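Here is the structure we will look at, set down as structure tokens.
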Amino acid sequence: MDKLRTMTKTMAECARLVIRTWEARAAANNPSGEIEIEVGHQFHELTADVISHTAFGSSYLQGKEVFVAQRELQAIAMATINSVRFPGRQYIPTKTNVRRWELEKKVRGTLMTMIRERQAAVAKEGNGYGNDLLGLMLEANAAAGDGGGARSMTMDEIIDECKTFFFAGHDTTAHLLTWSIFLLGTNPQWQNRLRDEVLRECCGDSLPDADSLSKLKLMTMVIYETLRLYGPVSQLARTVTADTELAGVRIPKGTMTMIPVAILHRDVEVWGEDAGEFNPLRFRDGVNKAAAHAGALLAFSLGHRSCIGQDFAMLEAKATLAMILRGFAFEVSPEYVHAPLDFLTLQPQCGLPVVLKLLD
Ligand code: HEM
């Protein structure tokens, strides 16, 4: 948690840079002080910056290079998702495959250089591996190698973990921020309540820190409600490990199942008659008492494979929303088209244009 506290400062600093550009544009737009911004794209840039800083700290610029390459790889994967597949297709030097190989080589090469540099610095100067996510992982790995109980990871496994952090921690948090702004923009009374809370608990011009953010009870409820109604991960895949029976249906070992999170999150039997409505107060007694049973909110999944970045994501969302609420009143633009698209993660298909008005 101490490391997360340090990272909160980085998150808030990254958010401040984005919000300052909005403030400058709004201030230049006298006398209305209003601007329209497509916030989905802005939140992608922001969360990319946050993950690059927090994952790779001092090696931020190399981290950003990896990030840009990863993003292009993701775009290629998405563009070819419906292509006809035949054995050996991935080895043919088509234009797309050649580009994919180049990018994969770049990602692996840059990450390997960063890891080797850290290991060399530790061997030479005896300092730690660093306070960022890469440093924490290398430190845990070195401890495991020194007989700490766990098996230490290979270089390939460390590289894969770095890639997972990028993939898992970027789009998801950007969409959570986007949907939160959508719900606050369409529920002005909640926007005002949250702003009052933020002004009370995170006052002044200073950056919000982990302590002040922990006092934002209404904000926590709004974020949970956003995760319930528009959770970025809308289904979970699980393979059944033993023959079992579920609600009278026999499921043999090895069956691949999909858990329809988005549907379960709007089930009236679980959440009550107002399951389809935005009602953050259902979380007033905590996440486990909001529904007919504890564990009904599956946005971060549950159990051994649940999200290891959930505290990180909650802090990042709170810090960013608090700073936006402090500076602006906002509403969803009339240009907005409500078309949630479930493509790996749940996102507004045409982005989220928002009209922001600078507060005094
Ligand atoms: C709103 C933001 C986020 C949501 C909704 C979310 C959701 C999830 C879910 C549902 C899973 C489980 C997937 C499954 O079991 O199939 C997961 C796993 C994971 N998440 Fe997140 N996540 C978020 C943010 C983050 C962040 C910020 C990070 C990293 C800094 C992160 C890192 C991970 C990792 C590494 C795993 C894999 C854990 C494992 O397999 O053991 N996530 N996430």
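The values are calculated or read from the model by the stated rules, or taken from the named source; none is laboratory data. What you are looking at is a predicted structure, and each value in this text was computed from that prediction instead of being measured. A quick note on method: Cβ atoms are made from the backbone with ideal geometry, for glycine too, and the neighbour counts reach across all protein chains shown. Accessible surface is based on the protein model in full, side chains and every heavy atom, while ligands, DNA and RNA are left aside. Shrake-Rupley method; radii C 1.70, N 1.55, O 1.52, S 1.80 Å.
Got at least one residue in the range 347-360 being of a type outside the set (A, V, I, L, M), closer than 27 Å to residue 9 by Cα and either free of Cβ contacts under 8 Å to residues at least 24 places away in the same chain or not in a strand (DSSP E or B) (or both)?
For the range 347-360, residues of a type outside the set (A, V, I, L, M), closer than 27 Å to residue 9 by Cα and either free of Cβ contacts under 8 Å to residues at least 24 places away in the same chain or not in a strand (DSSP E or B) (or both): present.
I want to confirm something. Restricting to the range 242-272 and keeping residues that are more than 14 Å from the ligand (Cβ to nearest atom) and within 24 Å of the chain's Cα centre (by Cα), which single residue is surrounded by the fewest Cβ atoms within 10 Å (Cβ to Cβ)?
263
Among what's in the range 153-169 and is under 15 Å from the mean Cα position of the chain (by Cα), more than 8 Å from the ligand (Cβ to nearest atom) and open to solvent by 50 Å² or more (accessible area, probe 1.4 Å), pick the residue that is nearest to residue 18 (Cα to Cα).
Step by step, filter the range 153-169, then rank; the result is 167.
Return yes when residue 137 is within 14 Å of the ligand (Cβ to nearest atom) and not in a helix (DSSP H, G or I) and no when it is not.
Working: within 14 Å of the ligand (Cβ to nearest atom): yes; not in a helix (DSSP H, G or I): no.
The answer is no for residue 137.
Taking the condition open to solvent by 50 Å² or more (accessible area, probe 1.4 Å), among the polar types (S, T, N, Q) and under 27 Å from residue 167 (Cβ atoms), does residue 239 pass?
Numbers: open to solvent by 50 Å² or more (accessible area, probe 1.4 Å): yes; among the polar types (S, T, N, Q): yes; under 27 Å from residue 167 (Cβ atoms): yes.
The answer is yes for residue 239.
Could you tell me how many of the residues in the range 49-58 are within 14 Å of the ligand (Cβ to nearest atom) and either in contact with a strand residue (DSSP E or B) (Cβ under 9 Å, 6 or more places away or on another chain) or open to solvent by 50 Å² or more (accessible area, probe 1.4 Å) (or both)?
We begin by selecting, within the range 49-58, every residue within 14 Å of the ligand (Cβ to nearest atom); these are 49-57.
Now drop any that are not either in contact with a strand residue (DSSP E or B) (Cβ under 9 Å, 6 or more places away or on another chain) or open to solvent by 50 Å² or more (accessible area, probe 1.4 Å) (or both), which leaves 53.
The qualifying residues number 1.
Could you tell me which numbered condition residue 303 fails, if it satisfies all but one of (1) among the small types (Gly, Ala, Ser); (2) within 30 Å of residue 190 (Cα to Cα); (3) assigned to a loop (DSSP other than H, G, I, E, B); (4) within 16 Å of the ligand (Cβ to nearest atom)?
(2) is the only condition that residue 303 fails.
Report whether or not residue 296 is away from the ligand (no atom under 16 Å from the Cβ), within 23 Å of the chain's Cα centre (by Cα) and at pLDDT 95 or above.
It is false that residue 296 is away from the ligand (no atom under 16 Å from the Cβ), within 23 Å of the chain's Cα centre (by Cα) and at pLDDT 95 or above.
Can you pull out every residue in the range 273-297 that is assigned to a loop (DSSP other than H, G, I, E, B), touching a Leu at 6+ places or on another chain (Cβ under 7 Å) and open to solvent by 30 Å² or more (accessible area, probe 1.4 Å)?
If the condition is that a residue be assigned to a loop (DSSP other than H, G, I, E, B), touching a Leu at 6+ places or on another chain (Cβ under 7 Å) and open to solvent by 30 Å² or more (accessible area, probe 1.4 Å), then 278 is the only one that fits.
Just checking, does the range 324-338 include any residue being within 16 Å of the ligand (Cβ to nearest atom) and either polar (S, T, N, Q) or over 22 Å from residue 267 (Cβ atoms) (or both)?
The answer is no; no qualifying residue exists.
Conditions tested, residue by residue: (1) under 21 Å from the mean Cα position of the chain (by Cα); (2) at positive phi; (3) in contact (Cβ under 8 Å) with a residue 24 or more places away in the chain.
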residue: 191; (1), (2), (3): no, no, yes
residue: 197; (1), (2), (3): no, no, no
residue: 207; (1), (2), (3): yes, no, yes
residue: 222; (1), (2), (3): yes, no, yes
residue: 229; (1), (2), (3): yes, no, yes
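Kindly check whether there is at least one residue in the range 312-329 that is of a type in the set (S, T, N, Q), open to solvent by less than 40 Å² (accessible area, probe 1.4 Å), closer than 18 Å to residue 46 by Cα and under 17 Å from the mean Cα position of the chain (by Cα).
Yes: one or more hits.
Going by the conditions given, is residue 172 open to solvent by 20 Å² or more (accessible area, probe 1.4 Å) and at negative phi?
Values: open to solvent by 20 Å² or more (accessible area, probe 1.4 Å): yes; at negative phi: yes.
In short, yes.
When you go through 226, 186 one by one, which is the residue that is within 16 Å of the ligand (Cβ to nearest atom) and over 15 Å from residue 323 (Cβ atoms)?
226
Table: residues versus (1) closer than 20 Å to residue 353 by Cβ; (2) at pLDDT 95 or above; (3) in contact with a Gly (Cβ under 9 Å, 6 or more places away or on another chain).
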| position | (1), (2), (3) |
| --- | --- |
| 3 | no, no, no |
| 9 | no, no, no |
| 33 | yes, no, no |
| 38 | yes, yes, yes |
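If only one of 46, 61, 17, 4 is hydrophobic (A, V, I, L, M, F, W, C), under 22 Å from residue 210 (Cα atoms) and open to solvent by 40 Å² or more (accessible area, probe 1.4 Å), which one is it?
Answer to the selection: 17.
Look at residue 24 and say whether it is touching a residue at least 60 places away in the same chain (Cβ under 8 Å) and either of a type in the set (Gly, Ala, Ser) or touching a His at 6+ places or on another chain (Cβ under 7 Å) (or both).
So residue 24 fails the test.
For residue 97, only one of the following conditions fails: (1) at pLDDT 90 or above; (2) open to solvent by 20 Å² or more (accessible area, probe 1.4 Å). What is its number?
Condition (2) is where residue 97 drops out.
Kindly indicate whether residue 92 is without any contact (Cβ under 8 Å) to a residue 12 or more places away in the chain and β-branched (Val, Ile, Thr).
It is true that residue 92 is without any contact (Cβ under 8 Å) to a residue 12 or more places away in the chain and β-branched (Val, Ile, Thr).
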